[in-house]
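The values are calculated or read from the model by the stated rules, or taken from the named source; none is laboratory data. Since this is a predicted model, take the numbers as computed values, not measurements. Note: ideal-geometry Cβ built from the backbone for every residue, glycine included; neighbour counts use all protein chains shown.
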Amino acid sequence: MSQIYTKQTIKMVRSKLQKTLASPNDYEILFRLKDKSNFLINSFLLNGSLKFADPLIINQEGFWTFYLNKKGIKKIEKIGYNLFKNNNLFKKYSTSFYSYIKKANDKIIPKYQNLNRLNTKKLNSLTEDLSKLWHFYGLTEAVYHDFTYQKMLLTKDKKLKKILSNNLNTLIDLKAKGRKIFNTYVMKGGLINKALAQIESQNFLKTTQASYLNLEELNSLLSKGSIDDQIIKQRKNAYGLGLFKGKLKMFNYKDSAALANKFYNFERKQYQKAAKEITGIPVSGGLVRGKVIIAPMLDRKEAEKVAKKMKAGDILVAQSTNPDLMILCKKAAAIITNQGGLLSHAAIISREMGKPCIVGTVLATKVLKNGDLIEVNANQGVIKIIKKAKISS
């Protein structure tokens, strides 16, 4: 007997599906990357120091986005504050992190720089080292220290202020050194990508196919020499996974696509609201007007190309900044970033150079285009779009 689906039944099914999916209202974007999908690192990012915020990862149409649950962020702020105000606890963390950084530079990175052949033992060892790094490095993200930084500025307790100041300064150094290691692991040309390329070469896979497989699947590929192509095809289009009350959930393809569409439709409405004005965290005061120039994603060579196009008075708009983009930061009249907090690279160098800066806008690189005329009010954290460019380069 065939099943008859009434409008009420369909409505109930849709309602049930919606309840199983995360709600965009409950999340904030921590960072977003374009064309940087790497399924292998997802589980480590979810289970590292940010696991207390029940993170969510969505990848669709070339955009990889890492979200944190808003209620979970409040938990992390308290954890961070308790860490930074406790000298013994912080010293244990910083000593361990510095020790790991030295080991990574002296032993781990040289060990994996030139891979002739990869087996499951080497792959598992590499991913274990990545997991350890993220455990340390995750604590340098803004959600862990911005609340503490604000507490430091407001407290009248001189002893507490000194403890927080010293520990936060140490954290800045750890973040800078840890970022170099992290980039060496996961960014373009990094150890993980080299390992994946080696796996593809050994198993006659097309370029980037291994980027859509998790550790278990890669180990199976290395030992058995085969993988289901359908998995790769589906994940190239969309995938979603996250922690929900501490438990890992990997969405099937259908639910991943629905989840991605749900979040991106929500964000499109935000972009429409931001057509005239964008807000963020003011970290270095000032008021300037200028034309937008979009920065490449943490790439020194590309940054040098952009620098040649940059004119006096241009305003730098980036996902985030690091030492590779300093050539652009120095030339910019003001700096705007999607990511970052009060102790981010952009915040620190803008204060040092006395340039207006707004961080944590989330969507600046999406809304703004090269040549747009904007006003940056870094006293209030507001960016106004004065005139859109006719032709975006």
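Yes or no, residue by residue, for (1) touching a residue at least 40 places away in the same chain (Cβ under 8 Å); (2) not hydroxyl-bearing (Ser, Thr, Tyr):
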residue: THR207; (1), (2): no, no
residue: LEU213; (1), (2): yes, yes
residue: SER220; (1), (2): no, no
residue: GLY225; (1), (2): no, yes
residue: GLY242; (1), (2): yes, yes
residue: ARG268; (1), (2): no, yes
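Kindly indicate whether any position in segment 28-41 is touching a Leu at 6+ places or on another chain (Cβ under 7 Å), surrounded by fewer than 17 Cβ atoms within 10 Å (Cβ to Cβ), within 18 Å of PHE147 (Cβ to Cβ) and touching a residue at least 24 places away in the same chain (Cβ under 8 Å). Scanning segment 28-41 turns up at least one residue that is touching a Leu at 6+ places or on another chain (Cβ under 7 Å), surrounded by fewer than 17 Cβ atoms within 10 Å (Cβ to Cβ), within 18 Å of PHE147 (Cβ to Cβ) and touching a residue at least 24 places away in the same chain (Cβ under 8 Å).
Any residue at all in segment 165-175 that's without any contact (Cβ under 8 Å) to a residue 60 or more places away in the chain, assigned to a loop (DSSP other than H, G, I, E, B) and more than 24 Å from the chain's Cα centre (by Cα)? No, segment 165-175 has no match at all.
A Cβ distance below 6 Å, combined with a sequence gap of six or more or placement on separate chains, defines the contacts here; from segment 252-265, residues that are without any contact (Cβ under 8 Å) to a residue 24 or more places away in the chain reach residues that are buried (at least 16 other Cβ atoms within 10 Å of the Cβ) and of a type outside the set (Phe, Trp, Tyr) in the pairs TYR253/GLN234. When the residues of segment 270-285 are filtered to those that are in contact (Cβ under 8 Å) with a residue 40 or more places away in the chain and farther than 28 Å from GLN150 by Cβ, the one that is farthest from the chain's Cα centre (by Cα) is LYS276. Selection of segment 343-359 for residues being touching a helix residue (DSSP H, G or I) at 6+ places or on another chain (Cβ under 7 Å) and small (Gly, Ala, Ser) yields only SER344. Note on segment 84-133: among residues that are surrounded by 14 or more Cβ atoms within 10 Å (Cβ to Cβ), among the aliphatic types (A, V, I, L, M) and under 30 Å from LEU160 (Cα atoms), the one that is modelled with the lowest pLDDT is LEU133.
Filtered by the rule that a residue be more than 20 Å from the chain's Cα centre (by Cα) and within 22 Å of ILE29 (Cβ to Cβ), segment 335-370 gives SER350, LYS369. Kindly establish whether ILE79 is modelled with pLDDT under 95 and part of a helix (DSSP H, G or I). No; evaluated as a whole, the condition is false for this residue. The set of residues in segment 85-120 that are under 14 Å from LYS180 (Cα atoms) and among the charged types (D, E, K, R) comprises LYS102, LYS103, ASP106.
Put simply, of PHE204, PHE244 the only residue that is surrounded by fewer than 17 Cβ atoms within 10 Å (Cβ to Cβ), under 24 Å from ASP54 (Cβ atoms), out of contact with any helix residue (DSSP H, G or I) (no Cβ under 9 Å at 6 or more places or on another chain) and not assigned by TED's automatic domain parsing to the domain that holds GLY360 is PHE244.
Listed by position, the strands (runs of 3 or more DSSP E) inside segment 227-279 whose residues that are β-branched (Val, Ile, Thr) number at least 1 are 277-279. Take segment 278-298 and flag every residue that is more than 20 Å from VAL362 (Cα to Cα) and among the charged types (D, E, K, R). Matches in segment 278-298: ARG289 only. For segment 288-315, a residue qualifies if it is within 29 Å of LEU171 (Cβ to Cβ) and in a loop (DSSP other than H, G, I, E, B), and the qualifying residues are ALA295, PRO296, MET297, LEU298, ASP299. When segment 230-277 is filtered for residues that are closer than 17 Å to LEU363 by Cβ and hydroxyl-bearing (Ser, Thr, Tyr), the ones remaining, listed by number, are TYR264, TYR271. For VAL283, state whether it is in contact with a helix residue (DSSP H, G or I) (Cβ under 9 Å, 6 or more places away or on another chain) and either assigned to a helix (DSSP H, G or I) or at pLDDT 95 or above (or both). Taking the combined requirement at face value, the residue satisfies it. Scanning segment 52-68 for residues that are among the β-branched types (Val, Ile, Thr) and either without any contact (Cβ under 8 Å) to a residue 40 or more places away in the chain or touching a helix residue (DSSP H, G or I) at 6+ places or on another chain (Cβ under 7 Å) (or both) yields ILE57, ILE58. Any residue at all in segment 364-377 that is in contact (Cβ under 8 Å) with a residue 40 or more places away in the chain, touching a helix residue (DSSP H, G or I) at 6+ places or on another chain (Cβ under 9 Å) and among the charged types (D, E, K, R)? Scanning segment 364-377, I find at least one residue that is in contact (Cβ under 8 Å) with a residue 40 or more places away in the chain, touching a helix residue (DSSP H, G or I) at 6+ places or on another chain (Cβ under 9 Å) and among the charged types (D, E, K, R), so the answer is yes. Mind listing whichever residues of segment 286-303 are surrounded by fewer than 16 Cβ atoms within 10 Å (Cβ to Cβ), of a type outside the set (A, V, I, L, M, F, W, C) and modelled with pLDDT of 90 or more? Listed by number, the list holds a single entry, ARG289.
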